[in-house]
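> The structure that follows is given in the form of structure tokens.
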Amino acid sequence: MSDRPMGTPGRKWGMAIDLQRCVGCWTCSIACKVEHNVPMGLTWNRILTEGGAAIDEPKGTYPDLEMQYIPVACQHCEDAPCVKVCPVSATYKRADGIVAIDYDRCIGCRYCMAACPYGVRVFNWGEPVPLVAGVKLGDAAVPDRRRGVVEKCDFCMERVDRGEQPFCVEVCPERARVFGDLNDPNSEVSVLIREKGGTQLLAEAGTRPQVYYLPRQRQRREMQIG
């Protein structure tokens, strides 16, 4: 792919995810699979939980239970380790901050998967099995992937380049996701991160993610009987 989309210089696309609003419905995850025709067995966008020792397990003792949902996909790091380790420059950072993959250049070495501290990249071990046999779902502009390449969330860059929102943002029933230009201090995403104290996953890793999480407000629910 010689004409790799490089985005708009001067912009820095980012996302804020409101953990107070997220209800763990997985709508964003399923929509992502459909939009990008992600093969069966692979997931770009996962919904993890924070609470007990296992996923979907709360902490505490009934009725004082607590658990929150944490959507996790590519964090589109400013200092992306996956870009640094790719020996063929298949993973690259666009001028607008989106970390993308040139599938035609990818040789399947999986160095990027080892370098990613978030574990959000997936590998096509076999011939991709589409969600619906013989049917290409989602955005026609999204390139097909083949066996032996790595893939991941790309902020729906085809949609973004057309002036649209990432599909996960558009379909979220609770409006838990906000996407915009982090270089614009007056954009909705910048204001939310600033005013609500948005934090980054594994900030100590020094990768400077462009995905922020707005903290959940801790509230005790009193259950009244009768």
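The values are calculated or read from the model by the stated rules, or taken from the named source; none is laboratory data. Fair warning: this is a prediction, and the values are worked out from it, not measured in the lab. When we count neighbours, we look across all protein chains shown, and the Cβ atoms used for this are built from the backbone with ideal geometry, even at glycine. These area figures cover heavy atoms from the full protein model, side chains too; ligands, DNA and RNA do not enter into them. Shrake-Rupley method; radii C 1.70, N 1.55, O 1.52, S 1.80 Å.
> From Ile47, Ile17, Ile30, which residue is within 14 Å of the chain's Cα centre (by Cα) and open to solvent by 20 Å² or more (accessible area, probe 1.4 Å)? Can you show your working first?
Values: Ile47 fails: open to solvent by 20 Å² or more (accessible area, probe 1.4 Å); Ile17 fails: open to solvent by 20 Å² or more (accessible area, probe 1.4 Å).
From the options Ile47, Ile17, Ile30, the qualifying one is Ile30.
> When you scan segment 63-77, do you find a residue that is exposed (fewer than 14 other Cβ atoms within 10 Å of the Cβ) and either touching a Leu at 6+ places or on another chain (Cβ under 6 Å) or among the hydrophobic types (A, V, I, L, M, F, W, C) (or both), even just one?
Within segment 63-77, one or more residues are exposed (fewer than 14 other Cβ atoms within 10 Å of the Cβ) and either touching a Leu at 6+ places or on another chain (Cβ under 6 Å) or among the hydrophobic types (A, V, I, L, M, F, W, C) (or both).
> Would you mind finding the one in Ala95, Ala100, Ala140, Ala54 that is more than 18 Å from the chain's Cα centre (by Cα), under 21 Å from Cys32 (Cα atoms) and among the small types (Gly, Ala, Ser)?
Exactly one residue qualifies, and that residue is Ala140.
> Quick one: Cys86 ticks every box in (1) in contact (Cβ under 8 Å) with a residue 40 or more places away in the chain; (2) more than 23 Å from Gln200 (Cα to Cα) except a single one, so which number is it?
That leaves (1) as the condition not met.
> Can you tell me how many residues within segment 143-176 are surrounded by 18 or more Cβ atoms within 10 Å (Cβ to Cβ) and over 16 Å from the mean Cα position of the chain (by Cα)?
2
> If you go through segment 106-124 one residue at a time, how many are outside any loop (DSSP other than H, G, I, E, B) and open to solvent by 20 Å² or more (accessible area, probe 1.4 Å)?
Number of matching residues: 6.
> Can you tell me which condition Arg194 does not meet? The list is (1) over 30 Å from Asp64 (Cβ atoms); (2) at pLDDT 95 or above; (3) surrounded by 13 or more Cβ atoms within 10 Å (Cβ to Cβ), and all the others hold.
Going through (1) over 30 Å from Asp64 (Cβ atoms); (2) at pLDDT 95 or above; (3) surrounded by 13 or more Cβ atoms within 10 Å (Cβ to Cβ) one by one, Arg194 breaks only (3).
> Quick one: how many residues across segment 154-164 are in contact with a helix residue (DSSP H, G or I) (Cβ under 7 Å, 6 or more places away or on another chain) and part of a loop (DSSP other than H, G, I, E, B)?
1
> Turning to a different aspect of this structure: Would you be able to say whether some residue in segment 73-81 is within 16 Å of the chain's Cα centre (by Cα) and of a type in the set (Asp, Glu)?
So far as segment 73-81 goes, yes, one or more of its residues are within 16 Å of the chain's Cα centre (by Cα) and of a type in the set (Asp, Glu).
For every residue, the table says whether it meets (1) of a type in the set (Asp, Glu); (2) closer than 24 Å to Leu137 by Cα; (3) crowded, with 16+ Cβ neighbours inside 10 Å.
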| site | (1), (2), (3) |
| --- | --- |
| Pro9 | no, no, no |
| Lys12 | no, no, yes |
| Glu35 | yes, yes, yes |
| Pro39 | no, yes, yes |
| Asp56 | yes, no, no |
| Thr61 | no, no, no |
